[in-house]
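Throughout, read-outs are computed from the coordinates displayed, never taken from laboratory work. Quick caveat: nothing in here was measured; it's all calculated off a predicted structure. Cβ coordinates were reconstructed from backbone atoms using ideal geometry, including for glycine residues, and neighbour counts include every protein chain displayed.
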Amino acid sequence: MADQNPPSVDPQAVRRWHHRPVAEPAWLHEEVARRMQERLDWIKRQPRSWVHWAPLNGGLAGHALLQQRYPKAACTLVETSAARAQHVARAVTLPWWHAQRWLQATPQVVTQITEPADMLWANMSLHLTDQPQVLLQQWHQALAVDGFLMFSCLGPDTLKELRAFYRVLGWPAPSHEFTDMHDWGDMLVAAGFAEPVMDMERITLTFETPQRVLQELRGLGRNLHLERFQALRGRRWHSELLQAIEHSAMQLTFEVVYGHAFKPAPKLTVSAQSEISLDQMRAALTRGKAATRAVPKPGLDQYE
């Protein structure tokens with residue numbers, strides 16, 4: 001349901017993932033960022049400011065494409081830890097002698113948003129949280145009125161080849177369950193967004209060796225499933241895994257969900273109840289009694 005957190009996601013695993021040692025963005029994340037920024041062609045509004053949420057995970061090459069698209073817009077990058085923020089700051093800050101540095105607004109790297117922006121960009125982050133509704137609320141608060149959200153995440157068909165042979169071999173799931181795009185649309189509305197637009201595409205990656213498959217998967221994330229195998233695996237299991245990948249999963253499917261929504265102006269509400277003070281009530285009752293005393297009692301001559 002749209003009003004529940006993902007039941008298969010382990011919150012502790014999520015915390016460890018977001019505080020892992022700094023790494024470079026995965027190739028797939030950069031590719032999705034490139035495709036998502038092409039969707040900005042449909043939006044005529046030019047943001048004066050924008051937020052890049054978790055750029056180290058979402059893609060630094062994608063960030064460069066956005067800077068080229070909006071060179072005069074103020075940019076704020078938000079990271080999940082101080083160490084990651086420092087890494088991103090070094091990556092996006094051009095040297096003083098670089099000509100492009102004087103043509104673009106200097107980006108700020110922070111761990112918490114203080115000023116609302118016209119656009120929030122969040123690539124491949126939403127499926128990596130155990131509290132998506134909380135994250136959507138944070139994005140909503142980080143946007144100015146009429147600002148818009150652009151995000152992407154993985155959908156339910158992701159890694160279906162891997163899941164299939166894990167079930168056949170009786171192994172625990174290789175990853176947590178991913179949310180359907182229609183549920184994301186419902187959660188966007190519940191978070192206060194308007195006019196959500198969702199679409200999806202499937203990307204198939206082909207690999208040369210099983211070892212290359214595992215390398216790509218490590219870059220994409222970790223198994224966040226609550227019922228994942230808790231202990232260390234042995235060499236025999238690793239050998240079986242490589243054989244199974246070579247037989248069944250040299251091609252992997254990734255369902256990528258894209259979302260877009262606006263932050264509308266707050267609605268004005270009129271209460272159906274009226275409130276008066278105790279003094280006002282006493283004054284009203286006093287006026288009522290005085291009016292009653294002023295009305296003469298009917299005499300018998302009135303009926304003749």
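With both labels modelled 7 Å from their Cα along Cα-to-Cβ, the Asp199 to His18 distance reads 3.0 nm. At R0 = 25 Å, how high is the FRET efficiency between Gln141 and Trp27 if r is their beta carbon distance? Nearest 0.05 is fine. So the FRET efficiency works out to roughly 0.20. Its Cα centre serving as origin, the range 11-265 has a Cβ charge dipole (Lys and Arg +1, Asp and Glu -1) of approximately 800 debye. Tell me, what is the FRET efficiency for Val168 and Gln251 to the nearest 0.05, using R0 = 22 angstrom and their Cβ-Cβ distance as r? Efficiency at R0 = 22 Å is approximately 0.80. Working from label points 7 Å from Cα in the Cα-to-Cβ sense, the Ala190 to Thr93 distance is 4.1 nm. Here the extension length gained between His238 and Glu177 equals 19.7 nm, from 0.36 nm per residue of separation less the Cα-Cα distance.
Placing pseudo-labels 7 Å out from each Cα toward the beta carbon at Glu227 and Gln211 gives an inter-label distance of 3.4 nm.
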